[in-house]
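K.L.:
Please read through the structure below; I'll follow up with questions.
The values are calculated or read from the model by the stated rules, or taken from the named source; none is laboratory data. Keep in mind it's a predicted model, so treat the numbers as computed, not measured. Here the Cβ positions follow ideal geometry from the backbone for every residue, glycine too, while neighbour counts run over all protein chains shown. These area figures cover heavy atoms from the full protein model, side chains too; ligands, DNA and RNA do not enter into them. Shrake-Rupley method; radii C 1.70, N 1.55, O 1.52, S 1.80 Å.
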Amino acid sequence: MEVVFIKTKDDKKVIFFFLFPALLMMTIFLFYPIVRSFYKTFYIAVQNINPRFVGLHNYRKLLTDPAVWIATKNTFIFMIAAVIFQVGIGIVLAVLVDMIRAGKEFFKTVYFFPIVMSAASLGLLFKLLYNYNSGLLNAFLINFGYEPVLWLDASKALLMVMIPTLWQYVGFYFVIILTAMTKIPEQLYEVAYLEGASTIQRVTKVTLPLIFEDIKVILVLAITGALRVFDFVWLITQGGPFDSSQVLGTYMYSAVFQRRLFGYGSTIAILIIVLGVIITSITNKLLGKRDVSID
Amino acid sequence: MKKILMLTLVFVLIFSFGVVKANEQVTLRVVTMFAGADPVSEVYEKTIEQFMADNPNVRIIDESATFDDSVKVRIENDFAAGNEPDITMYFTDAQATPVVESGRVMPLDDLIAETEIGDGILPSVLEQVRYSDGNIYAIPITGFYEGLILNVDLFEKYGVDYPTSWDKLVAAIDTFNANGITPMAVGLGITPHYQIEHSILKVGSAEGHDAGFENGVNEAWIEGLKNIKELYDMGAFQKDTLTQGWEGARGLFKQGKAAMIVEGSWAIADSQNEGKNNVTMIPYPKSGPEGNPTDMIAGFTSGLYLSKEAYQDEAKQEAVVKLFKRLTSAEFIKAAAEANGGLPAAKVTPEGLAQPYLDGLNAFQQAENISLPIDAQIPRPAWQEIVKGIGYICADRKTAEEVLDDAYQIYLEVSGN
């Protein structure tokens, strides 16, 4: 039976009516600030007052600022780690939880729990854990007769801020994958079982291909999410020591809020937007269209 | 009948307008630093409550907050966007630019001369906050002094002399290190602010400290930063000093794990840890040939600004001036100085101050030279470059000369030279 859509003259008006509020909000809170930030990149505006036109000065500074390169490199490390650990662990956990019969809801709640906690409180928690003098980690080490460790020195700071950042969102991707897996009909697994497929084969030949579209979505979310990393890094190390844990988000924040260089901070923000657009496009292109239909 | 009904309704309407007019509410927005752990917050909140009780037609929206960077930027942006509070407590030093140059605050000279605003404020204090255009825009409440806060109990326990000279400071560092006590709690990696000021002041001189960047990089600044590196190398600071900020350093001192901390008068209350620590404040010791043992960093670098728009609004003027007067009155200033142990901006004598405050005030009164902090003298981006550079100097990743040259280049960049 064919479904017939009846179009009336007023359809466009209705569509516009419903889309307008969202468009208005996006324009006020997203597009306008982006345009305004782009405008500010051509100015030196200390404390956002008395702006002085400097042409491309801020862009030249961006290219020669070593901290920008460190922050960009660290942001890319975050992206790779997000794909491997956030998405990877999320998938593994989802597959494992999908296999068990009892306690699914329990594990769902436990793994999802960090998402509902505020990054500020978790950041503070991890900062205390890493504290040299009174932190939990060093208390353990001292208890077992070892020397305390400087957990946030330049060689370890990036890893230490990555741990809570990646950990917090594993549960988010886990829930998305687990929900996606519910749409796979049980019969397919039964057929695979009768054909003699092992558990690993069932996962790799049935489960993963059928949820590939969802994996694609979470890959894009994880990769673009890495560009927005800020809270844990700021709360635990403020990007230091010596910019070793600096990411683009924290460097932009320090340019605006600590150094009050609104023009330069806006230039870093534009860099983040450009990188976001390029990386999302590349990701989509690389993953391509590999739809596998359940039907 | 209809006419009577109509007339009644019209009368009711006119009458109700009259009632509204008679009880017209005025809403005032106020922002101060008196919030959170600030010692003055209790006095301030009581004053605001009392003011609202005395003036039932005035409603005060108190947006006071601890002034971290995000709050400062919010205030600066409020002024840039014309959304400033009616009364704002903000800095009067180099950081005052966005507030004053927004053109949205009242020059107070005429009001001081014609009204009771600023009545009782010491003229010398008003001179200290005079803006570069010759006007006074803010009325200070209390000032501050900075120095070396000592944990007296630890000094007595280990028989250590107070560090009144460089040699005694070195001896104290050695003794405390030998006994597993952190000699000085400073967050060099994130907040080395007070250590920078004092090392420069006490290695160089008040003149060198106050040199700014007008004539390039002053030699006293280079030697001051090298002095921090020297202290770092001799183990004066906690092991994780390069990854810490104020919270970490203050926490260490509070817990009695550190013997000294370079701080301001505002931190004395917290450093006592509710009476668990017996503390005192002395001037930071002379650390180089040009330094003066009595010199201190102190002054008035904040005050209350009155919004021009609020003052020119007939409906608000009376209430906002009344509140401004209350918050700059000798009575409030006395109470604030008694709470935070700071320097009162008015001709009042704070009573009942605890011994550490009296020690600090005594040191302040005996100081031969008083300097304002360096961040009150140079643009913020240049200052932040020095702050960030201290960790690099201590870890041998940059020299003091390189850090100061970077800061100087930023100074030239932002000042358009």
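K.L.:
Using protein chains only and a probe of 1.4 angstrom, how many square angstrom of residue A:158 are accessible, to the nearest 10?
P.N.:
Taking all protein chains as shown, residue A:158 has close to 30 Å².
K.L.:
Let me ask another. What are the lysines whose alpha-carbon lies under 26 Å from the alpha-carbon of residue A:156, with same-chain residues fewer than 8 places away excluded?
P.N.:
By straight Cα distance, residue A:156 reaches A:73, A:127, B:229, B:239, B:257, B:388, B:398.
K.L.:
What does the net charge come to around residue A:135 if you take all other residues with beta carbon closer than 14 Å to its beta carbon, with K and R at +1 and D and E at -1?
P.N.:
0
K.L.:
In terms of Cα to Cα distance under 14 Å, which aspartates and glutamates are near enough to residue B:316, apart from those fewer than 8 places away along the same chain?
P.N.:
B:24, B:86
K.L.:
Hey, what did the range B:124-241 get for relative contact order, percent, Cα under 8 Å, at least 6 apart?
P.N.:
20 percent
K.L.:
Taking amide H atoms as placed 1.01 Å from N in the peptide plane, list the residues 5 or more away in sequence, or in a different chain, whose amide H sits under 5 Å from that of residue B:27.
P.N.:
Amide H neighbours of residue B:27: B:59.
K.L.:
Which residues in the range A:150-176 have a backbone N closer than 15 Å to a point placed 7 Å from the Cα of residue A:213 along the Cα-to-Cβ line?
P.N.:
Answer for the range A:150-176: none.
K.L.:
Where does helix B:380-394 land angle-wise versus the long Cα axis of chain B, in degrees 0 to 90, nearest 10?
P.N.:
So the inclination is approximately 30 degrees.
K.L.:
Another question about this same structure. What does the charge count around residue B:372 come to, taking other residues whose C-beta lies under 10 Å from its C-beta (Lys +1, Arg +1, Asp -1, Glu -1)?
P.N.:
Around residue B:372, the surrounding residues sum to -4.
K.L.:
If contacts are Cα pairs under 8 angstrom and at least 6 residues apart, what is the relative contact order of chain A in percent?
P.N.:
Contact order relative to length: 30 percent.
K.L.:
I've got another one for you. Find which of A:224, A:139, A:199 sits farthest along the positive direction of the dipole of the range A:58-287, computed with +1 on the beta-carbon of Lys and Arg, -1 on that of Asp and Glu, about the Cα centre.
P.N.:
A:224
K.L.:
By Kyte-Doolittle mean hydropathy of at least -0.5 and Cα axial length of at least 24 Å, which whole DSSP H helices of chain A are selected?
P.N.:
Counting only whole DSSP H runs, the qualifying helices are A:157-181, A:262-287.
K.L.:
Just name one of B:307, B:328, A:187: the one whose Cα is farthest towards the positive end of the charge dipole of the protein assembly as shown (beta-carbon charges, Lys/Arg +1, Asp/Glu -1).
P.N.:
A:187
K.L.:
May I ask you to derive the relative contact order of chain B, considering only C-alpha pairs under 8 Å and at least 6 residues apart, and to give it as an integer percent?
P.N.:
Taking the mean separation of contacting Cα pairs over the length of chain B, I get 23 percent.
K.L.:
In the protein assembly as shown, what percent of the accessible surface is made up of carbon and sulfur (1.4 Å probe, ligands and nucleic acids excluded)?
P.N.:
61 percent
K.L.:
Going down the list B:202/B:226; B:46/B:322; A:183/A:216; A:104/A:205, which pairs span over 18 Å between their C-alpha atoms?
P.N.:
Exceeds cut-off: A:104/A:205.
K.L.:
If amide H atoms are built 1.01 Å from N in the plane of the peptide, which residues on other chains or at least 5 residues away come under 5 Å of the amide H of residue B:297?
P.N.:
B:146, B:371
K.L.:
Can you give the net charge of the other residues whose Cβ lies under 13 Å from the Cβ of residue B:83, counting K and R as +1 and D and E as -1?
P.N.:
My count for the surroundings of residue B:83 gives -3.
K.L.:
Oh, and also: I'd like the accessible area for residue B:397: 1.4 Å probe, protein heavy atoms, all chains in place, Å² to the nearest 10.
P.N.:
For residue B:397, solvent-accessible area is about 130 Å².
K.L.:
Against the longest principal axis of chain B, how steep is helix B:330-340, in degrees 0 to 90 to the nearest 10, with axes from Cα atoms?
P.N.:
40 degrees
K.L.:
With all protein chains present, calculate the accessible area of residue B:364 using a 1.4 Å probe and round the result to the nearest 10 Å².
P.N.:
It works out to around 50 Å².
K.L.:
May I ask you to list the aspartates and glutamates whose Cα is less than 14 Å away from that of residue A:61, ignoring any residue fewer than eight positions away on the same chain?
P.N.:
The qualifying aspartates and glutamates are B:406, B:413.
K.L.:
Rounded to the nearest 20 Debye, what is the dipole magnitude of the protein assembly as shown about its Cα centre when Lys and Arg each give +1 and Asp and Glu each give -1 at the C-beta?
P.N.:
With Lys and Arg at +1 and Asp and Glu at -1, about 3160 debye.
K.L.:
OK, next. Compute the helix-to-body angle for B:2-22: its Cα long axis versus the longest principal axis of chain B, expressed 0 to 90° and rounded to tens.
P.N.:
Roughly 30 degrees, rounded to the nearest 10.
K.L.:
Mind checking which of A:96, A:167, A:262 is farthest towards the positive end of the range A:58-287's charge dipole, using Cβ charges of +1 (Lys, Arg) and -1 (Asp, Glu) about the Cα centre?
P.N.:
Of A:96, A:167, A:262, it is A:262.
K.L.:
With the cut-off at 1.5 for a/c, could you classify the range A:58-287 from its C-alpha gyration tensor as rounded, prolate or oblate?
P.N.:
It comes out oblate by the Cα gyration axes.
K.L.:
Can you tell me the alpha carbon radius of gyration of the range B:86-178 divided by the globular rule-of-thumb value 2.2 N^0.38 Å?
P.N.:
1.75
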